[in-house]
1. Based on C-alpha coordinates, I'd like the Rg and Dmax of segment 166-233, in Å.
2. Step through the residues of segment 64-73 one at a time and calculate ³J(HN,Hα) from phi using the Karplus curve (6.51 cos²θ - 1.76 cosθ + 1.60, θ = phi - 60°), rounding each to whole Hz and writing x for Gly and Pro.
3. Quick one: pull the percentage of alpha-carbon pairs in segment 199-269 with a separation above 17 Å.
4. Simple spin-label model, 7 Å along Cα-to-Cβ: MET103 to THR182 in nm?
5. In nanometres, what is the gap between the two model label sites at ILE143 and ALA255, each 7 Å from Cα along Cα-to-Cβ?
6. How far is it, in nm, from the label point at ARG126 to the one at GLU200 when both lie 7 Å from their Cα along the line to the Cβ?
7. Take the Cβ-Cβ distance between LEU276 and SER233 as r, set R0 to 22 Å, and report the resulting FRET efficiency rounded to the nearest 0.05.
8. Step through the residues of segment 264-271 one at a time and calculate ³J(HN,Hα) from phi using the Karplus curve (6.51 cos²θ - 1.76 cosθ + 1.60, θ = phi - 60°), rounding each to whole Hz and writing x for Gly and Pro.
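Derivation of every value follows stated rules applied to the coordinates shown; laboratory data play no part. Everything numeric in this text was worked out from a predicted model, so none of it was measured. Positions of Cβ are generated from backbone atoms using ideal geometry, with glycine treated the same way; all protein chains shown enter the neighbour counts.
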Amino acid sequence: AAVFGLFFFFILGGFALLIYFVVRLAGGDSQTAALLWLSTCGLLLLLPLTIGWVGRRAFRGIAKPLSALMNAADAVAEGDLSVRVPVQRRGEFGRLTTSFNRMVEELELADQRRRNLTADVAHELRTPLQIIQGNLEGVLDGIYTPTPEHIAATLDETRQLARLVEDLRVLSQAEAGQLPMTWEAVDIAELCADAVTGFEGQAEAAGIVLTAIVSDAPLSVTADYGRLDQMLSNLLANAIRHTPAGGSVVLRATATSEGIQLQVSDTGEGILPEDLPYIFDRFWRSDRARMHRDGAGSGLGLAIVRQLVQAHGGRIEVASTVGQGTTFSIVLPFAR
């Protein structure tokens with residue numbers, strides 16, 4: 001304060017002498033010099049006030065939002081994904097704050113999905129592992145006799161584990177965009193015929209009529225034949241699983257303005273409207289109590305179908321009416 005006060009005093013004195021000599025040279029009197037000196041002092045006092053006001057505005061408009069963003073970024077780096085920055089201003093900083101909050105929300109959602117996936121995988125692996133462990137311990141303790149039926153039941157559980165691991169591998173590769181694809185011209189009629197042939201026995205055993213309706217016009221698409229067959233197999237298996245005896249499952253293939261449309265329709269139990277947004281999530285089931293009973297799958301089939309459709313540049317939609325049935329529609333572009 002003393003240094004700046006002395007500095008300010010010398011500035012005022014220097015201006016007073018300068019104004020006095022300028023006024024004297026211009027022929028003015030001492031009263032004119034005093035008025036000019038007072039006006040200069042007022043301007044000198046107004047200048048720091050203006051600078052202070054501008055600095056305060058700059059601090060509130062730039063430094064404070066940046067400080068809030070930096071503190072929030074430090075909190076995110078420490079693992080706190082619940083932090084959010086209040087959006088107090090419009091313009092560039094407002095958009096920056098909104099983008100930051102959206103990024104943190106996506107990180108929080110991804111972290112929650114990771115936790116859910118870990119819990120779901122552990123849950124799915126636990127059941128077959130416990131059955132296998134219990135069967136083997138029973139054999140070693142002499143409780144069970146290692147009959148062919150008992151060994152076959154244990155083998156079925158190992159196959160269930162193998163299917164689960166393979167589904168997880170395919171799903172993770174598809175989500176990362178690293179799924180190997182073999183692009184070729186695929187005849188849709190041949191694809192549908194093969195898919196239906198593979199499930200005729202299962203449908204007949206369940207008392208379900210399985211048919212394929214393919215347009216008479218030649219239908220072809222550039223795709224991976226094996227992945228398309230996997231998509232249809234998952235949809236057909238899901239439709240047969242949820243269709244009671246006496247029902248029907250239909251596979252349709254037609255050409256649209258957007259590309260080739262594949263539809264799998266059933267006359268099964270249908271899906272509740274509140275469940276429709278979640279049917280493509282990993283390990284989702286409408287009835288969590290069913291688990292592996294009654295041939296229930298791992299809960300990855302529809303998630304894999306969606307990823308495979310997206311890998312082909314297409315889209316998948318679902319329409320369902322409770323008690324009447326469900327239709328899955330896939331649209332694939334004519335060319336990649």
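1. Rg and Dmax of segment 166-233, Cα atoms, are 14.4, 40 Å.
2. Listing the rounded values in order: 5, x, 5, 5, 5, 5, 5, 5, 5, 5 Hz.
3. 45 percent
4. Result for the modelled spin labels: 4.2 nm.
5. 6.3 nm
6. Here the answer is 4.3 nm between the modelled labels.
7. The value I calculate is 0.50.
8. Listing the rounded values in order: 10, 10, 9, 10, x, 6, x, 10 Hz.
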